[in-house]
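Every number here is computed from the coordinates shown, using simple stated rules; none is lab data. Since this is a predicted model, take the numbers as computed values, not measurements. Virtual Cβ from ideal backbone geometry, glycine too; neighbours counted across all protein chains shown.
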Amino acid sequence: MSAANLSDLRNAGMATEPSASEALYQRALQVMPGGCSRNVILRKPHPLYAASGRGCHVTDIEGRTWLDFANNMGSQIHGHAPASVVEAVQRQLENGTAFSMGTEAEIRYAEYMCRRMLNAERIRFCNSGTEAVMCAIKAARAFTDRPKIAKVEGAYHGLYDYAEVSQTASPKSWGALERPASVPVASGTPASALAEVVIVPFNDTARALAILDEHAATLAGIVIDLIPHRVGVIPADEGFVNALGAWAARNGALLICDEVITFRTTYSGAQQRYAVRPDLTALGKMIGGGFPVGAIAGREEVMRVFDPSVSPIRLPHSGTFSANPITMVAGLATMEQFDEKAVDELNALSDRARSQLREAIATASIAACVTGAGSMFRIHMKAVPPENYRSAYPTAAESERLNKLIGLLEDQGILLINTGTGMLSTAMGSAEIDRLSDAMLQALRRL
Ligand SMILES: Cc1ncc(COP(=O)(O)O)c(C=O)c1O
């Protein structure tokens, strides 16, 4: 409803005063298409507007407090306003926020990440996960002098034209499993971009390798998220990942791990659980300590494409806010606090969450299931856990039931990501997990 319509109704005595959130949304609609800068905040009848956050709780402008399992799409690993980050940022703020100079903060953080990660001999920072994946793809092209990338059907890797192909494929558009179609996300995506992206099915080694073989001479790299959110928060099989890695090595292509989300699942990232080592890793979210961030890390030989002292320079890379010291100090404080013990404790808490959610589903006797790994879970309104993007794809009825379930959880002050996914933070303990599973049981009973 437009602001004009609302005021007409009010003048006619037919509408009560809009809530503060409704009023904000009406203002937002006048200045931003759809009323926002990121679609993920949209919900009916209007977005929630945050007033403040502390630990695992967020208070909205209506004064309502939420138990936050969305954590800004998984970026807030320690919840909101953790003391160590606030302190580090306040100290840096007083000394300036961005310079046309390097800072020691950047070097210190780069040293830390290279020590912590596997196969990260060099790293460069940027401003988002989208940018990190884009830079990794461009680095693979520059290194191999080849144009194409392969990616898993349905996987989300940000907004870069090539990285987003088939992210929203549907039964109408996805084509045969033997050869999934390269489906555009944005209107106007050039056909040439689609032609450079090869889509493989998730955890289906034989089909994936057969498809890759057809593009062996032109593939620069294979991009893989080891526990892809949109595919269903299902871990990639060891055999699948090893086969992709071996195929890449055999055929002169690179393996690129998108660990923008999954870095939270293991001390050195989800790749730690696999034998194969990627040539490049894209990072984001958590490693910014609550500030915008991305990073590309990998083998020295490959990362040399970014080196401007090599002539001719193969891949120029800059960014006004890349490696700004606020992000660097916030990121380092965050990651130091997310040490091996913290990772293990958060994963154990998440095991408990998944198991209690499954119990709630069994008790309510509803056709639903829980997938997930590390500190992530996802609810599907399906009796059997899905195995890939196609089996995770919700029917219209399942989507409706999931939206209803999320609404019923929201009625109890529980905030999830709109796919039914939860990302835990270290600010949570068993009391919060009990609250989640109790709320889930209540919600399932009311479905
Ligand atoms: C796996 C993965 N890659 C890349 C991105 C893009 O990151 P950003 O939103 O910071 O651009 C996301 C964001 O959700 C992601 O989940």
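Lys/Arg Cβ at +1, Asp/Glu Cβ at -1, dipole of the chain taken about the Cα centre: which of G232, A132, A282 is farthest positive-ward?
The residue sitting most towards the positive pole is G232.
Please give the charge dipole size of the range 344-447, origin at the Cα centre, charges +1 on K and R Cβ atoms and -1 on D and E Cβ atoms. Round to the nearest 20 debye.
With Lys and Arg at +1 and Asp and Glu at -1, about 360 debye.
What percent of all Cα-Cα pairs in the range 249-299 falls into each 5 Å bin, going from 0 up to the bin containing the maximum distance?
5, 21, 28, 23, 12, 7, 2, 1
Taking the chain as a Gaussian network, Cα atoms linked when under 10 Å apart, which of K151, K285, K404 shows the biggest mean-square fluctuation?
Result: K404 has the largest fluctuation of those listed.
Hey, what angle do you get for helix 20-31 against the long axis of the chain, alpha-carbon based, 0 to 90 degrees rounded to 10?
Long axis of 20-31 versus the principal axis of the chain: about 50 degrees.
Have a look at the DSSP beta bridges in the chain and tell me what percent are antiparallel, nearest 5.
DSSP beta bridges in the chain are roughly 60 percent antiparallel.
By a straight-distance test (C-alpha under 15 Å), which aspartates and glutamates pair with K44 as possible cross-link partners, with residues fewer than eight away in the same chain excluded?
Result set, ordered by chain and number: E22, E400, E410, D411.
Angle, helix 104-116 long axis vs. longest principal axis of the chain, Cα atoms, 0 to 90°, nearest 10?
So the inclination is approximately 80 degrees.
Check the straight Cα-Cα distances from K151 and name the lysines below 17 Å, setting aside those fewer than 8 residues away within the same chain.
The qualifying lysines are K138.
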